[in-house]
Amino acid sequence: MIIGVCGLGYTGSGAVFDLIREYDTVQVQKGGEFWLSYRPDGLEDLIYHLNNPSRFTSSDVAILRYKELVKRLFMYPKSWGINSSDPILRLTDEYIRSFTQVQWKGFWSYDVINASKLSFLIKWRIFRKFYDKYPYLMQSIALKFINRDMYLSVNPERIVEKTSEYVSNLFKLLGYDDSGVLLLDQPFSGDFPSKSFPFFNNPKAIIVDKDPRDLFVLCKKEIITDCRWTPTDDVDSFIKYYKLIRKDIEQSDTILYVRFEDLIFEYDKTVKRIERFIGLSEESHINKLQFFNPEISKNNTQIFKKYKELFNSITLIEQELPEYLYPFEHYPEVIHNGNSF
C-alpha cells in the first residue's frame, strides 16, 4: 500500500507525514518530495504524449524530458539512502526500451531550438560551419558530437502496467517493499491525486489543507522567499489562486481530506481518522509525539492575528472564502512567540 501525503502549497502536509512516521508498521521514504509522477515531464506527461501524440516526434521529447527529470530527482543519491543513482538510471533505460518501438541516433529542430546558449554556439554555429566546409572529414565526429538517442513510441501496449512495474521496481532499489505500508512525501498532486494512482500499488492519498488567512500571511510575511510561487502581492490574486487550486478537489474512499488545524485542536479524533483510513493500529503508534507535537505546531495557526496592518486583506479573505475558514473562535487563542517557522 502506498500512502501519499499531499499538500496544496505550505498547507501543513509535513505534519501529517511526521505523525504517520511515528508508527512502527510504516516504511518511511527518505530523500524529500517524491514528485516523479505528476510534475511537468513526469510519468503523467510521459504517458499522455505516448498515447496522444500531436506528431510522431512528441514521444521523443517526452521520453527525453522524463529521463532528465529522473536524473534531477536522484541527483543526490545519498539523501535517498542509496550510494549511487546508476541502478535507477539503468532501470529507467530498461523501462523506456520496453515500450519504445523504434530507436536510432539523430537530432531534429527541437535540439537546436531548445539548446542552451553555450550548446547552441558550439554545436549549431561553430561546429556546423566546420561540418558544412569539410563534410567528409567531420562526418564521423558529427555522429558522436551532434547525434543523440531518438525514440518513437505511439500508443504502446500495456504502458500503464509497465509503468506500475517500473515504479514498484524503483522502490525496491530504494530499499522499500510496496506490498507493505509505504509512506511517500508528495507522490501525487494535491488537487488531483487519482490521476497518478494507476502507477502505484494500492495507493491512497491524504490531502492536507490550511486556513486561507494563515496561508496568505505565512507566504506574505514569514517565508517570503520560498513561497514566491503563491501570489501574495495583492489579496485579490491570492483569493482567485486559492479558489482555483481547490476547485472540485477530490474526495473518495482512497482520498482523505485533513485540515491542518484539526491535527492540532482535534488531535485525538484526527489521529483516529487517519488510523482508520490507512488501517493502522493504535498499538503500533510507539513513537507518539516524537515527530509531531500539536503543542509545538499550534504556533503555526492563527498567525493572521499577529499582523494588524493586514486587517483589510484578512477581512476580504473572510468575505470571499468563508467555506475554507477554520472556526478558531471555538478554540483557545494561540500566544505566538516569534515566526511560525
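The values are calculated or read from the model by the stated rules, or taken from the named source; none is laboratory data. Given the structure is predicted, the values throughout are model-derived calculations rather than measurements. Cβ atoms come from the backbone with ideal geometry, glycine included; neighbour counts cover every protein chain shown.
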ask   = Does residue 154 fit the bill of being closer than 30 Å to residue 94 by Cβ, at pLDDT below 95 and surrounded by 12 or more Cβ atoms within 10 Å (Cβ to Cβ)?
value = yes
ask   = Only one of these conditions is not met by residue 230: (1) modelled with pLDDT of 95 or more; (2) of a type in the set (S, T, N, Q); (3) buried (at least 16 other Cβ atoms within 10 Å of the Cβ). Which number is it?
value = (1)
request  = Could you tell me whether residue 248 is exposed (fewer than 12 other Cβ atoms within 10 Å of the Cβ), of a type outside the set (Phe, Trp, Tyr) and part of a helix (DSSP H, G or I)?
outcome  = no
inquiry  = I'd like to check something: does the range 299-314 contain any residue that is under 18 Å from residue 16 (Cα atoms), at pLDDT below 95 and part of a helix (DSSP H, G or I)?
reply    = yes
key: Unique residue being on the phi > 0 side of the Ramachandran plot and without any contact (Cβ under 8 Å) to a residue 40 or more places away in the chain when the list is 253, 248, 234   = 248
inquiry  = Could you go through the range 111-126 and let me know if any residue there is in contact with a helix residue (DSSP H, G or I) (Cβ under 6 Å, 6 or more places away or on another chain), in a helix (DSSP H, G or I), surrounded by 11 or more Cβ atoms within 10 Å (Cβ to Cβ) and modelled with pLDDT of 70 or more.
reply    = yes
message = Quick check on residue 225: is it surrounded by fewer than 18 Cβ atoms within 10 Å (Cβ to Cβ) and closer than 30 Å to residue 161 by Cβ?
response = no
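Residue by residue, here is whether (1) in contact with a Leu (Cβ under 8 Å, 6 or more places away or on another chain); (2) over 28 Å from residue 286 (Cβ atoms) holds:
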residue	(1), (2)
9	yes, yes
40	no, yes
56	yes, yes
72	no, yes
82	yes, no
98	no, yes
114	no, yes
117	no, yes
message = Taking the criterion of being among the hydroxyl-bearing types (Ser, Thr, Tyr) and at pLDDT 95 or above, would at least one residue in the range 51-63 satisfy it?
response = no
task = Spot the failing condition for residue 296; the list is (1) touching a residue at least 24 places away in the same chain (Cβ under 8 Å); (2) of a type in the set (A, V, I, L, M, F, W, C); (3) surrounded by fewer than 17 Cβ atoms within 10 Å (Cβ to Cβ), and only one is missed.
result = (1)
key: Residue list for the range 52-98, filter: free of Cβ contacts under 8 Å to residues at least 12 places away in the same chain and among the β-branched types (Val, Ile, Thr)   = none
request  = Identify all residues within the range 252-266 that are among the acidic types (Asp, Glu) and either closer than 17 Å to residue 210 by Cβ or crowded, with 20+ Cβ neighbours inside 10 Å (or both); write none if there are none.
outcome  = 261, 262, 266
ask   = Residues in the range 166-185 that are in contact with a helix residue (DSSP H, G or I) (Cβ under 7 Å, 6 or more places away or on another chain), modelled with pLDDT of 95 or more and not hydrophobic (A, V, I, L, M, F, W, C): how many?
value = 3
request  = Collect the residues in the range 299-314 that are among the basic types (Lys, Arg) and either without any contact (Cβ under 8 Å) to a residue 40 or more places away in the chain or within 19 Å of residue 259 (Cα to Cα) (or both), keeping them in residue-number order.
outcome  = 305, 308
inquiry  = Condition check: of a type in the set (Asp, Glu), within 30 Å of residue 317 (Cα to Cα), touching a residue at least 40 places away in the same chain (Cβ under 8 Å) and not in a loop (DSSP other than H, G, I, E, B). Does residue 214 satisfy that?
reply    = yes
note = Selection from the range 318-336 of residues in contact (Cβ under 8 Å) with a residue 60 or more places away in the chain and buried (at least 16 other Cβ atoms within 10 Å of the Cβ) yields 320, 321, 324, 326, 328
key: Given (1) out of contact with any Asp or Glu (no Cβ under 8 Å at 6 or more places or on another chain); (2) modelled with pLDDT of 95 or more; (3) not β-branched (Val, Ile, Thr), index of the condition residue 261 fails   = (1)
